[in-house]
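In what follows, a structure is listed as structure tokens, so that the remarks can point back to it.
The values are calculated or read from the model by the stated rules, or taken from the named source; none is laboratory data. Everything quoted here is computed from the prediction, not taken from an experiment. Cβ sites come from the backbone with ideal geometry, for glycine too, and all protein chains shown count toward neighbours. These accessible areas exclude ligands, DNA and RNA; they are computed on the full protein's heavy atoms, side chains included. Shrake-Rupley method; radii C 1.70, N 1.55, O 1.52, S 1.80 Å.
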Amino acid sequence: MSETKNIVWLASYPKSGNTWFRIFLTALLNPEEAININKLNKTYHYSDHNLFELATGLNASELQEDELNSLKPNIANYISGIEKNTVFVKIHEAFHRNSEGKPNIPFQCTKIVLYFIRNPLDIAVSFAHHLNKNVDDVIDRMGESSTLASLENGSEFFNLPERIGSWSEHVESWLSSGHEVIVIKYEDMHNDPLKNLSKVIKALGFKYTNSEIYDALEKSSFVKIKDQEKKQNFNEKPSDIDSFFRKGKVNSYKTELSKQQINRISFFHKDIMTKFNY
Amino acid sequence: MKTDFKYSYNVYSLNIYSEIELVGFTESNFPKETAMVYVLRGKAPKSLDGDVIDTVVQSSKNQVLFRLPGHGNVLIKNGTHIIIDHQPSIDWSLIRNLIKNKCIAAIMHQRSWGVLHGSAIKSKDKAVLFLGRSGAGKSTTTAALTARGYDFISDDLCVIKNQEGICMLQPAYPSLRLWENTFDLLGDAKKFTKEKKIRPNINKYYVKPKAAFHNKQLEISHIYILAEQYTEELRLEKVNGIESLKALLEFTYAKGQLSGLGGFDTQFKLFSLLLKTIKVKKVLRPLGQDSDRFQNLISLIENDFLDE
């Protein structure tokens with residue numbers, strides 16, 4: 001078993017700022033290079049089936065969901081083994097244990113979990129766009145505990161299925177996972193990125209100056225990456241929507257959700273929303 | 001050696017005796033003394049020497065071991081034996097698929113044959129290969145070309161053997177595997193026979209093209225790489241020199257097995273030889289496919305290999 005605890009997990013419910021953070025991170029770790037949104041170096045994607053195949057030697061497309069789940073920790077062991085230093089791995093799954101009681105992300109290679117949280121009212125708007133579905137269906141989905149991603153978002157061939165669960169379950173699963181977790185609010189990254197991301201970077205033990213972090217933020221500004229997506233597309237975008245990066249705003253639900261829709265989300269997720277002042 | 005094997009096949013120019021049925025493989029009655037590979041139930045080790053990580057696949061010189069929790073272990077050794085040490089809860093559909101691709105690939109690696117992750121058709125008495133990662137569209141592209149009348153040669157694995165200085169593609173067996181939702185892209189459904197699912201809960205099917213199956217080894221003329229790099233316009237891009245060698249090494253099938261087997265040198269030499277005589281091109285395409293766009297892609301590739 002690998003004993004090296006070198007994986008920093010970038011965990012989030014979809015549309016909570018995870019991808020943007022990866023772009024920022026790529027800018028920070030590769031200061032000499034221009035940002036290319038289709039080459040996010042130094043970050044892995046836990047549902048990348050090619051990574052699964054490298055890690056296990058098996059064809060993901062021939063395995064059933066329970067088999068994939070029981071073998072997924074091999075991906076973490078593989079990444080941890082091939083990377084000598086700290087490495088970042090994006091995950092949209094809720095934290096859970098498989099039928100043998102093994103966690104989906106192993107403790108022995110985990111350094112820390114960065115958990116990105118966003119107001120579910122804004123997620124509903126953004127996720128509906130991402131899935132190309134109407135908001136009411138997405139609100140239902142955000143409240144269902146058996147939710148699987150990837151099989152429905154147009155990228156069946158490129159992603160492994162992920163057990164996401166409801167939004168509330170997702171948040172709770174990570175907070176009670178037993179891993180060390182730093183919670184990062186989307187709204188804080190949006191409102192004062194320098195201050196809030198500097199804190200995170202320092203907590204990870206990196207020695208970047210504020211000026212270096214500022215430069216990385218400039219390179220990864222939402223306007224710039226949206227512009228780049230327009231020019232060259234984004235490989236992680238579902239095929240049936242126009243753009244992955246949409247508005248990147250806070251409180252857009254105020255103009256895009258009906259009162260009834262707001263009430264439904266608030267009813268489903270009252271406890272967690274209250275806990276995080278949403 | 002036990003000789004009462006119930007099944008005998010010829011795939012990739014290998015005579016195979018098997019205790020278990022390998023649906024889709026071409027059945028063959030060959031003289032006993034010409035058997036080259038044996039698939040049998042037996043004892044496999046729990047781990048290979050020198051292994052320290054709890055991995056699914058392990059390899060050492062002349063041995064590859066798959067360890068599948070709940071199913072059992074499968075040992076592939078010396079380029080001749082695939083030994084299944086199974087548990088009572090084994091799912092045979094999983095093991096059959098594993099034997100047909102990853103275990104056969106291990107046999108090839110152990111025999112120092114080249115194995116690329118790709119599919120192939122015949123044009124002008126030569127083989128045209130389509131390489132790509134899983135999900136890139138290799139099988140769909142190949143199926144669409146068989147619907148246009150090209151003979152089918154291989155799906156998923158392209159096995160290459162150096163025959164007196166010429167790299168020859170070995171014929172597989174007349175069966176493709178396609179996701180259910182790719183059938184709409186292929187045009188005329190009458191040009192295929194949809195058979196059973198590869199596994200009960202997976203929407204991927206064995207498909208038999210109506211086009212002829214070419215069952216002799218062939219020289220290779222073209223290699224197209226179905227890139228996961230999306231562009232505004234559909235186009236082909238030449239891949240030259242060291243980049244083409246890198247690409248072939250990148251698309252070596254089950255290359256994780258090679259670290260223990262020590263087979264990188266063999267692949268390197270074989271692909272260097274292959275690249276002396278063939279052209280490699282990357283297929284760049286926009287994200288998202290519908291039937292019209294897909295057929296345009298097929299026409300672009302077809303015109304290209306017919307022109308040269």
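Solvent-accessible area assigned to carbon and sulfur over the range B:114-307 amounts to 47 percent, based on a 1.4 Å probe.
Partners of B:Lys6 within straight-line reach, counting aspartates and glutamates whose Cα lies under 13 Å from its Cα and excluding those fewer than 8 residues away in the same chain: B:Glu19, B:Glu21, B:Glu27. Measuring heavy-atom accessible area with a 1.4 angstrom probe and counting protein chains only, the residues of the range B:96-138 that give up at least 20 Å² relative to the chain alone are B:Lys102, B:Arg133, B:Ser134, B:Gly135.
If the convex hull of the alpha-carbon atoms of the protein assembly as shown is projected onto planes in all directions, what is the mean projected area in square nanometres?
Working: hull surface 108.7 nm².
Seen from a random direction, the Cα hull of the protein assembly as shown projects 27.2 nm² on average.
The A-B contact accounts for approximately 2700 Å² of buried accessible area, totalled over both chains at a 1.4 Å probe radius.
When the Cα positions of A:Tyr44, A:Leu28, A:Val89 are compared along the charge dipole of the range A:1-115, A:Leu28 comes out farthest toward the positive end, with charges on each C-beta of Lys, Arg, Asp and Glu. Only alpha carbons enter this Debye calculation for the range B:125-238, each as an equal point scatterer, and the log10 of I(q)/I(0) it gives at q = 0.09 Å⁻¹ is -0.26. Counting only DSSP beta bridges with both residues in the protein assembly as shown, the antiparallel share comes to about 60 percent.
For chain A, averaging the sequence separation of C-alpha pairs within contact (under 8 Å, six or more residues apart) and dividing by the residue count gives a relative contact order of 25 percent. Remark: the range B:6-52 carries 54 Å² of accessible area per residue (probe radius 1.4 Å; ligands, DNA and RNA excluded). Taking Cβ atoms as reference points and 11 Å as the exclusive limit, the residues near A:Glu172 contribute a net charge of -1, counting Lys and Arg as +1 and Asp and Glu as -1.
Count the DSSP beta bridges whose two residues both fall in the range B:7-110, then state the antiparallel fraction as a percent rounded to the nearest 5.
On the way: 22 of 29 bridges.
Expressed as a percentage, antiparallel bridges in the range B:7-110 total about 75.
In summary, chain A shows an alpha-carbon radius of gyration equal to 0.97 times the 2.2 N^0.38 Å reference for compact globular proteins.
Ordering B:Leu306, A:Leu131 from largest to smallest accessible area (1.4 angstrom probe), what's the sequence? It would help to have the intermediate numbers written out before the result.
Working: B:Leu306 70, A:Leu131 10 Å².
Ranked list, largest accessible area first: B:Leu306, A:Leu131.
Scanning residues 5 or more positions from A:Tyr44 or on other chains, those with amide H under 5 Å from its amide H are A:Phe88, A:Val89, A:Lys90, with H placed 1.01 Å from N in the peptide plane. Distant-in-sequence amide contacts of A:Ile184, defined by a placed amide H-H separation under 5 Å and a gap of 5 or more residues or a different chain, comprise A:Tyr115, A:Phe116, A:Ile117. Between the amide H of B:Tyr7 and those of B:Ser18, distances stay under 5 Å, these residues lying 5 or more places away or on another chain, with hydrogens modeled in the peptide plane. Note on B:Arg41: accessible area approximately 110 square angstrom, rounded to 10, probe 1.4 Å, nucleic acids and ligands left out. Taking the inverse of the mean 1/r over every pair of distinct Cα atoms in the range B:89-147 gives a Kirkwood hydrodynamic radius of 13.3 Å.
Can you tell me what share of the DSSP beta bridges in chain B is antiparallel? A percent to the nearest 5 is fine. Intermediate results must be reported in sequence, preceding the final value.
On the way: 57 of 76 bridges.
If I count the DSSP bridges inside chain B, around 75 percent turn out antiparallel.
Relative to its residue count, chain B spans a Cα convex hull of 142 Å³ per residue. Computed across the range B:7-110, the Kirkwood hydrodynamic radius from all distinct Cα-Cα pairs reaches 13.9 Å.
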